[in-house]
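A.B. asks: The following block contains the structure, expressed as structure tokens.
The values are calculated or read from the model by the stated rules, or taken from the named source; none is laboratory data. The model shown is predicted, which means the values in this text are computed figures rather than measured ones. Please note: Cβ atoms are built from the backbone with ideal geometry, for glycine as well, and neighbour counts cover all protein chains shown.
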Amino acid sequence: MISLLIVDDESAARNGMLRHIDWKALGVDMIQAAASGPEAIGICENFLPDIVLSDIRMRGMNGVEMCRILRERYPACRIIFISGYSDKEYLKAAIEIGATDYVEKPVDKEVLRRAVQKAVSSILEERRSRKDPAAPPEGKAYIKRETFFLLLRGGEQEGELRQIALESGLFPKVYSCLRACVLYLSENAVNLTKFREAFYEAAGLEKFSKEDCALYCEFWDNRRLVFLIGGDWGLIEDAGQLMRSLIGACSRQIDGIRVFLGAGEVVHLLSEIQHSYQTAHEAEKTVFYRGWSGFALHGRRPFPLDLQEGITEEFRQKLQRGREGEIEGLLKETASSLQKSEAVQCPLLQSFYYGLLTEIWKEYLRRFPEQRETLGKRSEEDTSRLGALDTLDAINDFLLSRVREMLEESQKDESNHPVILRVTRLIWQEYGKSDLSVKQLADSVYLTPTYLSGLFKRKTGKTISEYITSVRMEKAKELLRDPQFKLYHVSEQVGYEDPGYFAKIFKKQTGMTPSEYRENNLI
């Protein structure tokens, strides 16, 4: 479990690092951000970061001043400074307070990645070298947190765990019943401390006496707040007062975020807490069919995944007919079947819904073949968005929104005359034939060349020849970005037998020669 704090008074820089670095891939599990030194110091009281990534020059308290304070309070924390060329005078001070590394501005993502990776490796190595991983020297709060994660990981003897739990202060005494719960968030919490305080207030957890129960929680990552509860059976069983308070708070948004509670089994030994946590994690997964603002208790039964054969083919046919009501009905019917079987997200189910999204974009391309490049980029973005959705309702809404968008575009686009659609599809299929002509296209739709030319011009604003040229140029650009194709190969593949003529047309259309385009756009 590695936590990192980003401190930068420029929101663009701060948000850029939050969004454009794959922190999980670097081994960072939790991230928070602060816009000033004082804000960062306040966050650290509860967040306890393993790594601080801070700009040196900030308004008010600068990064060195802030990190001097953090170094005194959290001596094990790794510090990485971000500095410009004009900040050299600060580097001596940075070295004095033991900065792990520094990254120069403008920030190079690869350099930043290596600096963070180096810090993570150092932290993990230090943890492995400790004889007692539950008793680091950094202070009581740190010891409590490490003990908490030790209990969730399990693998230790009961007697040893009991001694560690009592000495750390995590539990003031031995309790007869123990339970883990996972609060799952619909989106990342940016300020973890603020969210935790808001949930405590919403659930009224302050009213529970420390004599009656022990209640401790930590963020596992930015979307999962894990609770560890100790107390009497009447307090923490499914219908107990404490559990009712936790469940009741889930019906409302917390700090603007929807939540779902997965409650683990009640256990009686510290060595069994890992099992309680695992059952809570399984219960948390049922948000997929239950939806947000709810809860699930332990003991979810195994389910048969009910995906009838032919659903994808039926979906494809309804898309081609453009029947929004039928498509919506099929999606709801499928979701209802999955909800009855209590299906949770799994690779098979994800593959199924990715398949439906693919069918939508295939139909999009069939209707708008001239937008091939644009549609390709949009479909890649949608694949990522679909993978981030947590519930069946959200997936259905997302797919249906794409269907509606496509149908609306089709209605607005006058070029979607049945004849025009067929002709444009043929052009995209046959653009590589040098003898492709208006007559051939007219014969394929049983019209005269004159009538087809006039209809095409009225509906698309282009002549057929102009459209053929635009298609060939788009395909030529794609081929030129791949260095394995010689220029004369590209010319032949897009229907031009004379490379010189192809180069002349290409420059007229794009403003540069094929060679210049290749130099600027190699894959």
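A.B. asks: In this structure, does ILE82 turn out to be farther than 20 Å from LEU124 by Cα, surrounded by 21 or more Cβ atoms within 10 Å (Cβ to Cβ) and not assigned by TED's automatic domain parsing to the domain that holds GLU146? Talk me through it step by step, then tell me what you get.
C.D. replies: Details: farther than 20 Å from LEU124 by Cα: yes; surrounded by 21 or more Cβ atoms within 10 Å (Cβ to Cβ): yes; not assigned by TED's automatic domain parsing to the domain that holds GLU146: yes.
So ILE82 fits the description; yes.
A.B. asks: With respect to the numbered conditions (1) part of a helix (DSSP H, G or I); (2) modelled with pLDDT of 85 or more; (3) under 22 Å from the mean Cα position of the chain (by Cα), which one is the sole condition not fulfilled by GLU359?
C.D. replies: The single condition GLU359 does not satisfy is (3).
A.B. asks: Moving on. Within the range 1-58, can you find the residues that are free of Cβ contacts under 8 Å to residues at least 24 places away in the same chain and among the hydroxyl-bearing types (Ser, Thr, Tyr)?
C.D. replies: Residues satisfying the conditions do not exist here.
A.B. asks: Among the listed residues HIS268, HIS275, identify the single one that is closer than 15 Å to GLU237 by Cβ, surrounded by fewer than 18 Cβ atoms within 10 Å (Cβ to Cβ) and assigned by TED's automatic domain parsing to the domain that holds LEU166.
C.D. replies: Values: HIS275 fails: closer than 15 Å to GLU237 by Cβ.
Selected residue: HIS268, the only one of HIS268, HIS275 that is closer than 15 Å to GLU237 by Cβ, surrounded by fewer than 18 Cβ atoms within 10 Å (Cβ to Cβ) and assigned by TED's automatic domain parsing to the domain that holds LEU166.
A.B. asks: Could you tell me whether the range 376-386 includes any residue that is modelled with pLDDT of 90 or more and exposed (fewer than 14 other Cβ atoms within 10 Å of the Cβ)?
C.D. replies: The answer is no, given that none of the residues of the range 376-386 is modelled with pLDDT of 90 or more and exposed (fewer than 14 other Cβ atoms within 10 Å of the Cβ).
A.B. asks: Still on this structure, please answer the following. Give me the residue from the range 109-168 that is at pLDDT 80 or above and of a type in the set (Asp, Glu) and, out of that set, nearest to SER54 (Cα to Cα).
C.D. replies: This residue is GLU110.
A.B. asks: Being under 16 Å from PHE368 (Cα atoms) and not assigned by TED's automatic domain parsing to the domain that holds PHE368: is that true of ARG425 here? Can you show your working first?
C.D. replies: Values: under 16 Å from PHE368 (Cα atoms): yes; not assigned by TED's automatic domain parsing to the domain that holds PHE368: yes.
Judged against the criteria, ARG425 is a match.
A.B. asks: Let me ask something else. Which of (1) surrounded by 15 or more Cβ atoms within 10 Å (Cβ to Cβ); (2) without any contact (Cβ under 8 Å) to a residue 12 or more places away in the chain is the odd one out, the single condition GLY310 does not satisfy?
C.D. replies: Result: GLY310 fails condition (1) only.
A.B. asks: Being out of contact with any Gly (no Cβ under 6 Å at 6 or more places or on another chain) and either at pLDDT below 90 or assigned to a loop (DSSP other than H, G, I, E, B) (or both) is true for just one of GLU342, GLU272, GLU333, GLU328. Which residue is that?
C.D. replies: Working: GLU272 fails: either at pLDDT below 90 or assigned to a loop (DSSP other than H, G, I, E, B) (or both); GLU333 fails: either at pLDDT below 90 or assigned to a loop (DSSP other than H, G, I, E, B) (or both); GLU328 fails: either at pLDDT below 90 or assigned to a loop (DSSP other than H, G, I, E, B) (or both).
Step by step, each of GLU342, GLU272, GLU333, GLU328 is checked, and only GLU342 is out of contact with any Gly (no Cβ under 6 Å at 6 or more places or on another chain) and either at pLDDT below 90 or assigned to a loop (DSSP other than H, G, I, E, B) (or both).
A.B. asks: Six or more apart or on different chains, Cβ under 7 Å: which pairs go from a residue in the range 435-451 that's under 14 Å from ILE420 (Cβ atoms) to one that's of a type in the set (S, T, N, Q) and assigned to a loop (DSSP other than H, G, I, E, B)? Could you list them?
C.D. replies: ALA442/THR448
A.B. asks: Return the residues of the range 187-227 that are among the small types (Gly, Ala, Ser) and more than 18 Å from GLN253 (Cβ to Cβ); say none if nothing qualifies. Spell out the reasoning first.
C.D. replies: First pass over the range 187-227, keeping only residues among the small types (Gly, Ala, Ser): 189, 198, 202-204, 209, 214.
SER209, ALA214, listed by residue number.
A.B. asks: If you scan the range 478-508, which residues turn out to be among the aromatic types (Phe, Trp, Tyr) and part of a loop (DSSP other than H, G, I, E, B)?
C.D. replies: Step one: list which residues in the range 478-508 are among the aromatic types (Phe, Trp, Tyr), which gives 485, 488, 496, 501-502, 506.
Matches in the range 478-508: PHE485, TYR496.
A.B. asks: Answer yes or no as to whether ASP435 is surrounded by fewer than 19 Cβ atoms within 10 Å (Cβ to Cβ), assigned to a helix (DSSP H, G or I) and outside the structural domain of GLU373 (by TED's automatic domain parsing). First the steps, then the outcome.
C.D. replies: Details: surrounded by fewer than 19 Cβ atoms within 10 Å (Cβ to Cβ): yes; assigned to a helix (DSSP H, G or I): no; outside the structural domain of GLU373 (by TED's automatic domain parsing): yes.
No, not satisfied.
A.B. asks: Determine whether the range 180-195 contains at least one residue that is over 27 Å from the mean Cα position of the chain (by Cα) and either farther than 22 Å from THR391 by Cα or at pLDDT below 85 (or both). Break it down stepwise before answering.
C.D. replies: Initially, the range 180-195 is screened for residues over 27 Å from the mean Cα position of the chain (by Cα), giving none.
No, there is no match, as no residue in the range 180-195 is over 27 Å from the mean Cα position of the chain (by Cα) and either farther than 22 Å from THR391 by Cα or at pLDDT below 85 (or both).
A.B. asks: LYS433 versus (1) over 20 Å from GLN371 (Cβ atoms); (2) touching a Ser or Thr at 6+ places or on another chain (Cβ under 8 Å); (3) basic (Lys, Arg): which is the lone unmet condition?
C.D. replies: Unmet for LYS433, out of (1) over 20 Å from GLN371 (Cβ atoms); (2) touching a Ser or Thr at 6+ places or on another chain (Cβ under 8 Å); (3) basic (Lys, Arg): (2).
A.B. asks: Looking only at residues in the range 24-46 that are outside any helix (DSSP H, G or I) and touching a strand residue (DSSP E or B) at 6+ places or on another chain (Cβ under 6 Å), which one is surrounded by the fewest Cβ atoms within 10 Å (Cβ to Cβ)?
C.D. replies: The first filter runs over the range 24-46 and keeps only residues outside any helix (DSSP H, G or I), leaving 27-36.
Pick out the ones that are also touching a strand residue (DSSP E or B) at 6+ places or on another chain (Cβ under 6 Å) and you get 28-34.
Details: VAL28: 23, ASP29: 16, MET30: 24, ILE31: 24, GLN32: 25, ALA33: 20, ALA34: 24.
Once the filter is applied, the top-ranked residue is ASP29.
A.B. asks: Could I ask something else about it? Taking the condition of being under 25 Å from ILE41 (Cα atoms), out of contact with any strand residue (DSSP E or B) (no Cβ under 6 Å at 6 or more places or on another chain) and in a helix (DSSP H, G or I), how many residues in the range 148-207 meet it?
C.D. replies: Residues flagged as under 25 Å from ILE41 (Cα atoms), out of contact with any strand residue (DSSP E or B) (no Cβ under 6 Å at 6 or more places or on another chain) and in a helix (DSSP H, G or I) within the range 148-207 amount to 10.
A.B. asks: Right, another one. Looking at the range 243-269 only, could you name the residues that are among the basic types (Lys, Arg) and assigned to a helix (DSSP H, G or I)? Full working, then the answer.
C.D. replies: Start the filter on the range 243-269 by keeping residues that are among the basic types (Lys, Arg), which leaves 244, 252, 258.
Within the range 243-269, just ARG244 meets the criteria.
A.B. asks: Report whether or not LEU319 is modelled with pLDDT of 85 or more and at negative phi. Break it down into steps so the answer makes sense when it comes.
C.D. replies: Details: modelled with pLDDT of 85 or more: yes; at negative phi: yes.
Yes, satisfied.
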